[in-house]
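Okay, structure first, notes after.
The values are calculated or read from the model by the stated rules, or taken from the named source; none is laboratory data. Computed from a predicted model, the values in this text were never measured in an experiment. We place every Cβ from the backbone using ideal geometry, glycine too, and count neighbours over all the protein chains shown.
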Amino acid sequence: MFETIVDPTVGPPASSECDQPTLAARPDSLFGLRLGLLANTKRNAEQFLQQVGEQLAEQYRLQMVLARKKPNIIETAPEPMMAEFADRCDIVVAGVGDCGSCSASAVADGLLLEQAGIPAVVICTDAFMASADAMARLRGAPGYRYVTTPHPVANLTAGGIHDRAVAAIPAIVTLLTQPTMAASA
Amino acid sequence: MTAPVTDPVAHAKAAIEYCYEQGWTDGLPVVPATIADVETFVATTGRDAAEIIGSQQHLGRSITVAQAAANAIMAGCKPEYFPVVLAAWHVLNLERGSRGAWQSTSGPAPLIVVNGGVRSRLGINYQGGVFGPGFRPNATIARAIGLIVRNGYGIRPQQLDQATQGLPGRWSICIGENEELSPWEPLSVVGGAAPGADAVSAMLIRTCEYVDNRSTDVAEAVLRDLAGRHGPARRCPSPGLTPDRTELAYPAQAHCPREKWSSDGGDLTRRQGRARHRRRTQHWQRHRAGPVQVWRQGRLQRRRRGSDQGMHRPDRAERRRGNGRAR
């Protein structure tokens, strides 16, 4: 009846990145792998990931840890940075998404890495699951799983960051070694 | 809604309801847009309907002129408003941090300021009650921006939009500058436009406050009230958004302390302020705005009696209150 009404939501995609993403094959174990850490510019994000890196390096005798910080919290990491991860790392941990735009873009980072064949896990605070999930749906990956840590992260002390990182390790390891889509997806 | 509707009013209401059901509205009724409407709007601009005027790389979404037109129609714009909508959209896209602003926890609102004869031609209010309500172009131009963000980018509250509270008046703040009663040159001229040219400026704001002092003719009293409302220039917690302030003065306020209160903070900073402003406002961006006036850089600057140059130095009481302190 109202087919002549223009749908205002229909526009061109910005790129072809939003096709159904293919998730990378998981390794059986993290032992001896090369880990990438993709931090955003939010307070404590780098420190959080650094703690994650240290924990994983110790537990799994990682070959090396490559830490990088993307310049813009809103957008996905620049292509050269992504290429470097793809070139030099076997797995990547990205985060910490603790705001509206950065949680969404962290999920987008994770999915881009997956498409590049790198198993990735994204860390978001539990306050921003809605935007993280919305991004996953938008990118054709409803049910995409990521690791949550309680919100906020920005006000944590060094000790608090350490404890949170330790608490997140089991979920990070699970998502890096098992399929990252929810069973229902 | 499935039964044939013969009553045109019922039909119109059903069309509005249909738009609600699609999730296309900001909560208020929208005007359904047709292809013909979109063509009419696009024709006012002389631009290609398929031209991309904004992208959110991480969302994989882009906005075309035609899509902006559809949303402007839905917002209630007349075709002749559409160039102003596009200009405001363009300026907002230049604002540092604007790409993430629509999803930000801070939920900032665009402040859109229109200069030039276009105000009168379109009926954009630049006088009493300038923030509205009651004036179609003011209300619908600002609303169009909100619908473009919502429908074009798919950024909706509680989903990709993570505003914790939002802002009263978000998507409804579009004003004209009262150039005729202003003692200062128009915002657009400060931004680099020719005097009298039609121009749109915009910035993102996170709050709004009314400061009232109608019982003085002393510049310091007005400035002190303004400074007292603000406190020290805050460090902005989010790297993408600027902590600049915009002061709007009503005509009596602007004229009252005229000999001591100049629009750009005094001769000392005039030249450097302008140079900086020009750099930062190349395409009409922000910064001084208002029915009449603004104030610069979150910093209390004024001319002193007996010394026509010089920055204000806060006295001890002001320092204690944190007033007048530059960042």
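Would you check which residues across segment A:91-106 are touching a Lys or Arg at 6+ places or on another chain (Cβ under 9 Å), within 18 Å of A:Arg43 (Cα to Cα) and β-branched (Val, Ile, Thr) and list them?
If the condition is that a residue be touching a Lys or Arg at 6+ places or on another chain (Cβ under 9 Å), within 18 Å of A:Arg43 (Cα to Cα) and β-branched (Val, Ile, Thr), then A:Val96 is the only one that fits.
Could you check segment A:97-127 and list, in sequence order, the residues that are in a loop (DSSP other than H, G, I, E, B), in contact with a strand residue (DSSP E or B) (Cβ under 8 Å, 6 or more places away or on another chain) and within 14 Å of chain B (Cβ to nearest Cβ)?
So in segment A:97-127, the residues in a loop (DSSP other than H, G, I, E, B) come out as A:98-99, A:116-119.
If we keep only those that are in contact with a strand residue (DSSP E or B) (Cβ under 8 Å, 6 or more places away or on another chain) too, we end up with A:98, A:118-119.
Hit for segment A:97-127 is A:Asp98, nothing else.
Within segment B:181-211, restricting attention to residues that are of a type outside the set (A, V, I, L, M, F, W, C) and free of Cβ contacts under 8 Å to residues at least 12 places away in the same chain, which residue is nearest to B:Val113 (Cα to Cα)?
Filtering segment B:181-211 down to residues of a type outside the set (A, V, I, L, M, F, W, C) leaves B:182-183, B:185-186, B:188, B:191-192, B:195-196, B:198, B:201, B:206-207, B:209-210.
Still in the list and also free of Cβ contacts under 8 Å to residues at least 12 places away in the same chain: B:195, B:210.
Details: B:Pro195: 15, B:Tyr210: 18 Å.
Ranking the qualifying residues of segment B:181-211, first place goes to B:Pro195.
Condition first: buried (at least 21 other Cβ atoms within 10 Å of the Cβ), closer than 20 Å to B:Val84 by Cα and of a type in the set (A, V, I, L, M). Can you find one or more residues in segment B:42-53 that meet it? Before you say what the answer is, go through the steps one by one.
As a first pass, look at segment B:42-53 and keep what is buried (at least 21 other Cβ atoms within 10 Å of the Cβ): B:42.
Narrowing further to those that are closer than 20 Å to B:Val84 by Cα: B:42.
Among the residues that remain, those that are also of a type in the set (A, V, I, L, M) are: B:42.
Checked segment B:42-53: at least one residue is buried (at least 21 other Cβ atoms within 10 Å of the Cβ), closer than 20 Å to B:Val84 by Cα and of a type in the set (A, V, I, L, M).
Considering only segment B:1-57, state which residues are β-branched (Val, Ile, Thr), over 15 Å from B:Asn71 (Cα atoms) and part of a helix (DSSP H, G or I).
Once the filter is applied, which keeps residues that are β-branched (Val, Ile, Thr), over 15 Å from B:Asn71 (Cα atoms) and part of a helix (DSSP H, G or I), segment B:1-57 yields only B:Val9.
Which of the residues spanning segment A:70-83 are part of a loop (DSSP other than H, G, I, E, B) and either of a type in the set (D, E, K, R) or more than 18 Å from A:Arg43 (Cβ to Cβ) (or both)? I'd like the intermediate steps shown before the answer.
Our first condition is that a residue be part of a loop (DSSP other than H, G, I, E, B); within segment A:70-83, this holds for A:70-78.
Matches in segment A:70-83: A:Lys70, A:Glu75, A:Thr76, A:Ala77, A:Pro78.
Of the residues A:Gly11, A:Gly32, which single one is in a loop (DSSP other than H, G, I, E, B) and at pLDDT 95 or above?
Values: A:Gly11 fails: at pLDDT 95 or above.
Sole residue among the options that is in a loop (DSSP other than H, G, I, E, B) and at pLDDT 95 or above: A:Gly32.
Consider B:Ile63 carefully, then state whether it is within 13 Å of chain A (Cβ to nearest Cβ), of a type outside the set (Lys, Arg), crowded, with 21+ Cβ neighbours inside 10 Å and part of a strand (DSSP E or B). Steps first, please.
Values: within 13 Å of chain A (Cβ to nearest Cβ): yes; of a type outside the set (Lys, Arg): yes; crowded, with 21+ Cβ neighbours inside 10 Å: yes; part of a strand (DSSP E or B): yes.
Taking the combined requirement at face value, the residue satisfies it.
Against the definition (at pLDDT below 90 and either farther than 16 Å from A:Asn72 by Cβ or in a helix (DSSP H, G or I) (or both)), how does A:Ala86 come out, yes or no? Before you say what the answer is, go through the steps one by one.
On the way: at pLDDT below 90: no; either farther than 16 Å from A:Asn72 by Cβ or in a helix (DSSP H, G or I) (or both): yes.
So A:Ala86 does not fit the description; no.
Suppose we filter B:Gly129, B:Gly117 for residues that are of a type outside the set (Phe, Trp, Tyr) and at positive phi; which single one remains? Talk me through it step by step, then tell me what you get.
Numbers: B:Gly117 fails: at positive phi.
So the residue among B:Gly129, B:Gly117 that is of a type outside the set (Phe, Trp, Tyr) and at positive phi is B:Gly129.
Scan segment A:20-39 and tell me whether some residue there is under 30 Å from B:Ala49 (Cα atoms) and over 16 Å from the mean Cα position of the chain (by Cα).
Within segment A:20-39 (the criterion being under 30 Å from B:Ala49 (Cα atoms) and over 16 Å from the mean Cα position of the chain (by Cα)), the answer is yes, since at least one residue qualifies.
Among the residues of segment B:65-87, are any without any contact (Cβ under 8 Å) to a residue 24 or more places away in the chain and in contact with a helix residue (DSSP H, G or I) (Cβ under 9 Å, 6 or more places away or on another chain)?
Going through segment B:65-87, the residues without any contact (Cβ under 8 Å) to a residue 24 or more places away in the chain turn out to be B:65.
This time we only want the ones that are in contact with a helix residue (DSSP H, G or I) (Cβ under 9 Å, 6 or more places away or on another chain), so: B:65.
Yes: one or more hits.
Output the residues belonging to segment A:128-168 that are surrounded by fewer than 16 Cβ atoms within 10 Å (Cβ to Cβ) and either away from chain B (no Cβ under 14 Å) or modelled with pLDDT of 95 or more (or both).
A:Gly143, A:Pro150, A:Thr157, A:Ala158, A:Gly159, A:Gly160, A:Asp163, A:Val166, A:Ala167
Taking helices (runs of 4 or more DSSP H) that do not extend beyond segment B:73-162, which have at least 1 residues that are away from chain A (no Cβ under 14 Å)? First the steps, then the outcome.
On the way: elements: B:82-94, B:98-101, B:118-122, B:136-147.
Output list reads B:82-94, B:118-122, B:136-147.
Of all residues being in contact with a helix residue (DSSP H, G or I) (Cβ under 7 Å, 6 or more places away or on another chain) and farther than 15 Å from A:Ile73 by Cβ in segment A:105-116, which is modelled with the highest pLDDT? Just the residue, please.
Among them, the one singled out is A:Leu113.
Residue-by-condition table, conditions (1) surrounded by fewer than 19 Cβ atoms within 10 Å (Cβ to Cβ); (2) within 14 Å of chain B (Cβ to nearest Cβ); (3) within 30 Å of B:Ala66 (Cβ to Cβ); (4) in contact (Cβ under 8 Å) with a residue 24 or more places away in the chain:
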{"position": "A:Asp7", "(1), (2), (3), (4)": "yes, yes, yes, no"}
{"position": "A:Gly11", "(1), (2), (3), (4)": "no, yes, yes, no"}
{"position": "A:Pro27", "(1), (2), (3), (4)": "yes, no, no, yes"}
{"position": "A:Asn44", "(1), (2), (3), (4)": "no, yes, no, yes"}
{"position": "A:Leu49", "(1), (2), (3), (4)": "no, no, no, yes"}
{"position": "A:Lys70", "(1), (2), (3), (4)": "no, yes, no, yes"}
{"position": "A:Gly95", "(1), (2), (3), (4)": "no, no, no, yes"}
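Given the criterion within 9 Å of chain A (Cβ to nearest Cβ), surrounded by fewer than 24 Cβ atoms within 10 Å (Cβ to Cβ) and in contact (Cβ under 8 Å) with a residue 24 or more places away in the chain, identify the matching residue among B:Asp26, B:Asp37. Don't jump to the end; show me each part of the working.
Values: B:Asp26 fails: within 9 Å of chain A (Cβ to nearest Cβ).
The match here is B:Asp37.
Does A:Ile91 satisfy being in contact (Cβ under 8 Å) with a residue 24 or more places away in the chain, within 14 Å of another protein chain (Cβ to nearest Cβ) and either touching an Asp or Glu at 6+ places or on another chain (Cβ under 9 Å) or at negative phi (or both)? Full working, then the answer.
Details: in contact (Cβ under 8 Å) with a residue 24 or more places away in the chain: yes; within 14 Å of another protein chain (Cβ to nearest Cβ): no; either touching an Asp or Glu at 6+ places or on another chain (Cβ under 9 Å) or at negative phi (or both): yes.
Against the criterion (in contact (Cβ under 8 Å) with a residue 24 or more places away in the chain, within 14 Å of another protein chain (Cβ to nearest Cβ) and either touching an Asp or Glu at 6+ places or on another chain (Cβ under 9 Å) or at negative phi (or both)), A:Ile91 does not qualify.
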